[in-house]
Amino acid sequence: PGRVVMYAGLQELGVANGEDLKETLTNCTEPLKAIEQFQTENGVLLPSLQSALPFLDLHGTPRLEFHQSVFDELREKLLERVSAIALEGKVEERYKKLEDLLEKSFSLVKMPSIQPVVMCVMKHLPKVPEKKLKLVMADKDLYKACAVEVKRQIWQDNQALFGDEVSPLLKQYILEKENILFSNDISVLHNFFSPSPKTRRQGEVVQKLTQMIGKNVKLYDMVLQFLRTLFLRTRNVHYCTLRAELLMSLHDLEISEICTVDPCHKFTWCLDACIREKFVDNKRARELQGFLDGVKKGQEQVLGDLSMILCDPFAINTLALSTIRHLQDLVGQETLPRESPDLLLLLRMLSLGQGAWDMIDSQVFKEPKMEAELITKFLPMLMSFVVDDHTFNVDQKLPSEEKGPIPYPSTIPEAFTKFLQENRIACEIGLYYILHITKQRNKNAFLRLLPALVETFSDLAFSDIFLHLLTGNLTLLGDEFALDEFCTSLFDSFFLAACSRKENVHRHVLRLLLHLHHKVAPAKLESLQKALEPTKQSGEAVKELYNQLIEKLELRKPSPAEVTETPTMELPLPTVPTPASR
């Protein structure tokens, strides 16, 4: 079969092949003469060459080697010529030449030595004849061998086939995101949100999809449709990130054919600059507001796409960080949230982003209504926490002769807990405020607000992104892990309360302990070790992390020899009576 493929299509063109030679030799009386005649008829027909060939024979160069090198040289020249034809003369003329060439050569497409030429001709044709495309599509090897330019022409009319090509890439993308969130490297400096948008767009999946789409609007629309469908099916927000990254990757390459027809392009471009800075400044805020206000009647469907762009965790992160910063500024300016247009715009965009799933699911394209109490009650409450911190810090610095030290407020308003349970935007901002105080190493505020996280809207406090950021920020409070009160609040009351029902929480706690186990008091560590032991239902990831933790703890245990030797190294200390006043 291999030899048949080698000569595939030659007979159709009237060119003799190996089979013809075999037949000639079988039916002749003088084989040597027959071979000589075959060589003359099918060799390189150059008169000047005939006298040179015996010269090669003297040097022991086989004819096969000579013909192969001539063939390779001619093929390279032909490939160069095809690429040149694709760029010269009038458009119709150049494509007519290529179509004629394809017609003549297509029958040899399965011949390995000629295939590159046929593929090159097809690659340069903006519209390969339908019949040829069907033949390529029907043959797995041909389909695999053809250039992406040809595949695009096949894909645009075969959504299912295109879906089969894209699907593994989308799975890989989600897996990569989850691997970062569950990474064993816990750091406050390098977390999920550290890479810049431009760096993220260089990722393998985004680059492959960008190449597969090229300038083809139809394929771009198909990918967006896949992303919307998967987002609806799974609620996985990483599909929203990919939606934005793909558009900005095409923007980087200046693919105007697509960027100009995507109504989200300028909005995404502006938001991308904010994500890069991790802050929405006043100038960009006004630009973003202009886009939202500019959605015309009858074009509300664009809100579905804009909401998906705003639902990207990188966008939510930027909007939430900007909101916390605005609230702190308002405390300094003694201004209420309702009096800050910039803050209200941030809330409007957060609300649109958080409402993406509902909007795309219901197909009702209008901005979600903002609850007045979020602005009039919840945000002022957060500002009062900031004031509590300022007051406490000032009190600590005052001379305390007349009065004892003022304790840090330990209770939280019931309304705060209620907001975190019932209002999605309040919950998101509340969680980011807790990340903010943890990053400031504000242990008092952290322990005060932590109980409110046990029950939150849609369990947001147990989402992977929040726990990834929280575990990173908690490394700054490493020394507090030696204190029983701190560990009881963090582990017993918060983490362990959810471990049994949420495997991802179990994984995040183990990640944290792998990093900070040496800071935890031995007795507490022992009880945590028991509480975190995997059950039969636990997944492989939990078991793997738990085993890693046990290995680390084993390494820390001193060997029996060390334990007996240690005391002999020390000199006995004289006993000193302790003061009775203690």
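Among the residues of the range 336-377, just one is surrounded by 14 or more Cβ atoms within 10 Å (Cβ to Cβ), among the hydroxyl-bearing types (Ser, Thr, Tyr) and without any contact (Cβ under 8 Å) to a residue 60 or more places away in the chain, namely Ser340. If you go through the range 99-116 and keep only what is among the basic types (Lys, Arg) and more than 20 Å from Val148 (Cα to Cα), you end up with just Lys104. Scanning the range 388-432 for residues that are modelled with pLDDT under 95 and among the β-branched types (Val, Ile, Thr) yields a total of 5.
Restricting Gln211, Gln225 to residues that are surrounded by fewer than 18 Cβ atoms within 10 Å (Cβ to Cβ), in contact (Cβ under 8 Å) with a residue 24 or more places away in the chain and in a helix (DSSP H, G or I) narrows the list to Gln211. The single condition among (1) at pLDDT below 95; (2) buried (at least 16 other Cβ atoms within 10 Å of the Cβ); (3) within 14 Å of Leu345 (Cβ to Cβ) that Arg286 does not meet is (2).
Scanning the range 422-440 for residues that are surrounded by fewer than 20 Cβ atoms within 10 Å (Cβ to Cβ) and in contact with an Asp or Glu (Cβ under 9 Å, 6 or more places away or on another chain), we see that the one that is nearest to Leu470 (Cα to Cα) is Gln440. Just wondering, is there one or more residues in the range 369-378 that are under 27 Å from the mean Cα position of the chain (by Cα), among the hydroxyl-bearing types (Ser, Thr, Tyr) and at pLDDT 95 or above? The answer is no; no qualifying residue exists. Residue count for the range 520-555 satisfying the condition of being part of a helix (DSSP H, G or I) and open to solvent by 70 Å² or more (accessible area, probe 1.4 Å): 11.
Has the range 354-363 got any residue that is part of a loop (DSSP other than H, G, I, E, B) and out of contact with any Ser or Thr (no Cβ under 8 Å at 6 or more places or on another chain)? Checked the range 354-363: at least one residue is part of a loop (DSSP other than H, G, I, E, B) and out of contact with any Ser or Thr (no Cβ under 8 Å at 6 or more places or on another chain).
Checking each residue in the range 173-186 for being surrounded by 13 or more Cβ atoms within 10 Å (Cβ to Cβ) and of a type outside the set (Gly, Ala, Ser) picks out Tyr173, Ile174, Glu176, Lys177, Glu178, Ile180, Leu181, Phe182, Ile186. Taken together, Leu108, Leu142 contain a single residue that is touching a helix residue (DSSP H, G or I) at 6+ places or on another chain (Cβ under 6 Å) and either of a type in the set (A, V, I, L, M, F, W, C) or modelled with pLDDT of 95 or more (or both), which is Leu142. Taken as a whole, the condition of being assigned to a helix (DSSP H, G or I) and outside the structural domain of Leu469 (by the TED database) does not apply to Val295. Among the residues making up the range 99-111, a single one is outside any helix (DSSP H, G or I), open to solvent by less than 100 Å² (accessible area, probe 1.4 Å) and not β-branched (Val, Ile, Thr): Met111.
Here is a yes/no grid of residues against (1) at pLDDT 75 or above; (2) farther than 19 Å from Lys144 by Cα; (3) among the charged types (D, E, K, R); (4) open to solvent by 40 Å² or more (accessible area, probe 1.4 Å):
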{"residue": "Glu65", "(1), (2), (3), (4)": "yes, yes, yes, yes"}
{"residue": "Phe71", "(1), (2), (3), (4)": "no, yes, no, yes"}
{"residue": "Leu78", "(1), (2), (3), (4)": "no, yes, no, yes"}
{"residue": "Arg81", "(1), (2), (3), (4)": "yes, yes, yes, yes"}
{"residue": "Glu88", "(1), (2), (3), (4)": "yes, yes, yes, yes"}
{"residue": "Lys97", "(1), (2), (3), (4)": "yes, yes, yes, yes"}
{"residue": "Val118", "(1), (2), (3), (4)": "yes, no, no, no"}
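Quick grid of which residues meet (1) in contact (Cβ under 8 Å) with a residue 60 or more places away in the chain; (2) open to solvent by 20 Å² or more (accessible area, probe 1.4 Å); (3) touching a Phe, Trp or Tyr at 6+ places or on another chain (Cβ under 8 Å); (4) among the β-branched types (Val, Ile, Thr):
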| residue | (1), (2), (3), (4) |
| --- | --- |
| Val150 | no, no, no, yes |
| Asp157 | no, yes, no, no |
| Leu161 | no, yes, yes, no |
| Asp164 | no, yes, no, no |
| Val205 | no, no, yes, yes |
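Kindly evaluate Glu178 against the criterion of being under 21 Å from Val237 (Cβ atoms), of a type in the set (D, E, K, R) and in contact with an Asp or Glu (Cβ under 8 Å, 6 or more places away or on another chain). Answer is yes for this residue. A residue that is free of Cβ contacts under 8 Å to residues at least 60 places away in the same chain, surrounded by 17 or more Cβ atoms within 10 Å (Cβ to Cβ) and not in a helix (DSSP H, G or I) occurs somewhere in the range 187-202.
For the range 229-259, taking the residues that are closer than 21 Å to Gly353 by Cβ and surrounded by fewer than 18 Cβ atoms within 10 Å (Cβ to Cβ), the one that is nearest to the chain's Cα centre (by Cα) is identified as Asn236. Restricting the range 260-271 to residues that are part of a helix (DSSP H, G or I) and touching a residue at least 24 places away in the same chain (Cβ under 8 Å) leaves a set whose member that is farthest from Leu219 (Cα to Cα) is Leu271. Only one of the listed residues (Phe457, Phe419, Phe491, Phe466) is over 24 Å from His326 (Cα atoms), open to solvent by less than 70 Å² (accessible area, probe 1.4 Å) and not assigned by the TED database to the domain that holds Ser187. That residue is Phe491. Just to be sure before I move on: is Ser69 closer than 30 Å to Ile35 by Cβ, small (Gly, Ala, Ser) and touching a residue at least 24 places away in the same chain (Cβ under 8 Å) in the structure I sent? Considered against the rule, which asks whether it is closer than 30 Å to Ile35 by Cβ, small (Gly, Ala, Ser) and touching a residue at least 24 places away in the same chain (Cβ under 8 Å), Ser69 comes out as no. Among the numbered conditions (1) part of a helix (DSSP H, G or I); (2) outside the structural domain of Gly214 (by the TED database); (3) among the acidic types (Asp, Glu); (4) more than 22 Å from Leu343 (Cα to Cα), the only one that Glu257 does not meet is (2). Restricted to the range 307-330, and to residues that are over 19 Å from Tyr239 (Cα atoms) and open to solvent by less than 30 Å² (accessible area, probe 1.4 Å), which residue is nearest to the chain's Cα centre (by Cα)? Applying the filter and picking the extreme gives Ala320. When you check Phe182 against the structure, is it at pLDDT 95 or above, outside the structural domain of Val505 (by the TED database) and closer than 22 Å to Leu469 by Cα, yes or no? For Phe182, the condition - at pLDDT 95 or above, outside the structural domain of Val505 (by the TED database) and closer than 22 Å to Leu469 by Cα - is met.
The values are calculated or read from the model by the stated rules, or taken from the named source; none is laboratory data. Computed from a predicted structure; not experimentally measured. Using ideal geometry, Cβ is built from the backbone for each residue, glycine included, and neighbour counts are taken over all protein chains shown. Calculation scope for accessible area: heavy atoms of the full protein, side chains included, ligands and nucleic acids excluded. Shrake-Rupley method; radii C 1.70, N 1.55, O 1.52, S 1.80 Å.
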